[in-house]
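Student: I have a structure here, written as structure tokens, and I will follow up with some questions on it.
The values are calculated or read from the model by the stated rules, or taken from the named source; none is laboratory data. Note that this is a predicted model, so its numbers are computed, not measured. Counting neighbours? That spans all protein chains shown, and the Cβs are built from the backbone with ideal geometry, glycine included. Areas reflect the complete protein model, heavy atoms only, side chains present, ligands, DNA and RNA absent. Shrake-Rupley method; radii C 1.70, N 1.55, O 1.52, S 1.80 Å.
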Amino acid sequence: LPPRHEVLETWMPVGVCMDAATSRRLAEMLGVTLGEYWALALEDIVKRHHNCIAVDNISQLTPGEWDILLQGAQAMNIKLAVSLDLPDHGDLDDWLESVEAYVRPGAMSGAVHAWTYRGDPPENRFRDFLAVRDAIAQTDPSHPFCLIARSMGLLPLFSSHLAVSGIHYSFSRDPWALGRIVRTHASLAKDSRFWVEAPAHVAAGGVMEWC
């Protein structure tokens with residue numbers, strides 16, 4: 001059976017996605033620091049009754065900026081589902097460096113909800129993927145490693161080895177199709193929890209100003 005984590009029993013994530021590189025550009029456009037931008041964004045997220053942020057592109061952050069985000073999220077009681085940068089062209093050592101750079105500093109933070117891989121890991125890197133899972137479990141046993149896949153066909157292979165697996169559904173012009181997809185594919189997650197990352201707007205142009 002997949003590993004169990006207390007944080008999955010006590011916190012139901014409902015939130016938004018935030019790209020670290022985009023956040024930096026928006027902060028520059030507004031003429032504020034990245035920390036000040038995050039403070040504004042976190043406040044707005046709480047006002048909209050969200051409690052979680054899926055964070056992408058954390059490799060764009062300095063260690064100091066990563067710490068500011070962790071502290072700011074914890075102060076607002078927001079959890080972070082942090083997408084680790086595990087490029088297809090990188091070898092296992094590159095992937096493990098990402099664990100050291102971000103998981104170790106964040107392991108004791110009350111802001112972290114989960115570490116994630118968002119995308120489709122190559123099937124020929126399956127053993128490397130499990131090696132990253134094991135490294136995260138040793139570094140931070142309190143928080144799960146999750147797969148949010150774009151290809152639902154990967155779930156049977158990976159989900160039985162993970163506490164959480166799920167899908168990324170980005171077709172914002174057909175949001176009602178998501179229910180059919182969940183009913184059809186949730187069983188592929190087997191014994192792991194099933195998460196869905198879905199668009200929060202009906203069509204392009206309806207995104208909130210802080211995304």
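Student: Within segment 63-88, count every residue that is polar (S, T, N, Q) and either under 13 Å from the mean Cα position of the chain (by Cα) or closer than 21 Å to Asp128 by Cβ (or both).
Tutor: 1
Student: Give the residue, chosen from Asp91, Asp56, that is out of contact with any Phe, Trp or Tyr (no Cβ under 7 Å at 6 or more places or on another chain), buried (at least 18 other Cβ atoms within 10 Å of the Cβ) and among the acidic types (Asp, Glu). Walk me through how you get there before you give the answer.
Tutor: Values: Asp91 fails: buried (at least 18 other Cβ atoms within 10 Å of the Cβ).
Among Asp91, Asp56, only Asp56 is out of contact with any Phe, Trp or Tyr (no Cβ under 7 Å at 6 or more places or on another chain), buried (at least 18 other Cβ atoms within 10 Å of the Cβ) and among the acidic types (Asp, Glu).
Student: Return the residues of segment 126-158 that are more than 19 Å from the chain's Cα centre (by Cα) and modelled with pLDDT under 90; say none if nothing qualifies.
Tutor: Across segment 126-158, the qualifying residues are Gly153, Pro156, Leu157.
Student: Right, something else. Give the residue that is nearest to Ala137 (Cα to Cα), with candidates limited to residues of segment 1-46 that are of a type in the set (Phe, Trp, Tyr) and at pLDDT 90 or above. Working first, answer last.
Tutor: Kept after step one, since they are of a type in the set (Phe, Trp, Tyr), are these residues of segment 1-46: 11, 37-38.
Next, from what is left, pick out any that are at pLDDT 90 or above: 37-38.
On the way: Tyr37: 32, Trp38: 29 Å.
The extreme case among them is Trp38.
Student: Same structure, new question: Among the candidates Asp134, Asp140, which residue alone is without any contact (Cβ under 8 Å) to a residue 12 or more places away in the chain and more than 29 Å from Thr184 (Cβ to Cβ)? Write out each step before concluding.
Tutor: Values: Asp140 fails: without any contact (Cβ under 8 Å) to a residue 12 or more places away in the chain.
Matching residue, one of Asp134, Asp140: Asp134.
Student: Just to be sure before I move on: is Glu65 under 17 Å from Met18 (Cα atoms), acidic (Asp, Glu), assigned to a helix (DSSP H, G or I) and out of contact with any strand residue (DSSP E or B) (no Cβ under 9 Å at 6 or more places or on another chain) in the structure I sent? Before you say what the answer is, go through the steps one by one.
Tutor: On the way: under 17 Å from Met18 (Cα atoms): yes; acidic (Asp, Glu): yes; assigned to a helix (DSSP H, G or I): yes; out of contact with any strand residue (DSSP E or B) (no Cβ under 9 Å at 6 or more places or on another chain): yes.
So Glu65 fits the description; yes.
Student: Just to be sure I understand the filter: pairs with C-beta atoms under 6 Å, separated by 6 or more residues or on different chains, first member in segment 25-53 and hydroxyl-bearing (Ser, Thr, Tyr), second member in a loop (DSSP other than H, G, I, E, B) and open to solvent by 30 Å² or more (accessible area, probe 1.4 Å). Which pairs pass?
Tutor: That search, which allows pairs on different chains as well, returns nothing.
Student: Still on this structure, I have one more. Would you call Ala200 exposed (fewer than 14 other Cβ atoms within 10 Å of the Cβ), at pLDDT below 70 and either part of a loop (DSSP other than H, G, I, E, B) or among the basic types (Lys, Arg) (or both)? Step through it out loud before you land on a result.
Tutor: Numbers: exposed (fewer than 14 other Cβ atoms within 10 Å of the Cβ): no; at pLDDT below 70: yes; either part of a loop (DSSP other than H, G, I, E, B) or among the basic types (Lys, Arg) (or both): yes.
Considered against the rule, which asks whether it is exposed (fewer than 14 other Cβ atoms within 10 Å of the Cβ), at pLDDT below 70 and either part of a loop (DSSP other than H, G, I, E, B) or among the basic types (Lys, Arg) (or both), Ala200 comes out as no.
Student: Do you know which residues across segment 27-51 are assigned to a helix (DSSP H, G or I) and farther than 12 Å from Gly72 by Cβ?
Tutor: Just the residues of segment 27-51 that are assigned to a helix (DSSP H, G or I), to begin with: 27-30, 34-47.
Correct list: Ala27, Glu28, Met29, Leu30, Asp44, Lys47.
Student: Residue by residue through segment 14-26, note down the ones that are open to solvent by less than 30 Å² (accessible area, probe 1.4 Å) and not in a helix (DSSP H, G or I). Quick ask: steps written out before the conclusion?
Tutor: We begin by selecting, within segment 14-26, every residue open to solvent by less than 30 Å² (accessible area, probe 1.4 Å); these are 16, 18, 20-21, 23.
Residues satisfying the conditions are Val16, Met18.
Student: With the condition kept exactly as written, say whether any residue in segment 159-167 is surrounded by 15 or more Cβ atoms within 10 Å (Cβ to Cβ), of a type outside the set (Ser, Thr, Tyr) and over 16 Å from the mean Cα position of the chain (by Cα).
Tutor: yes
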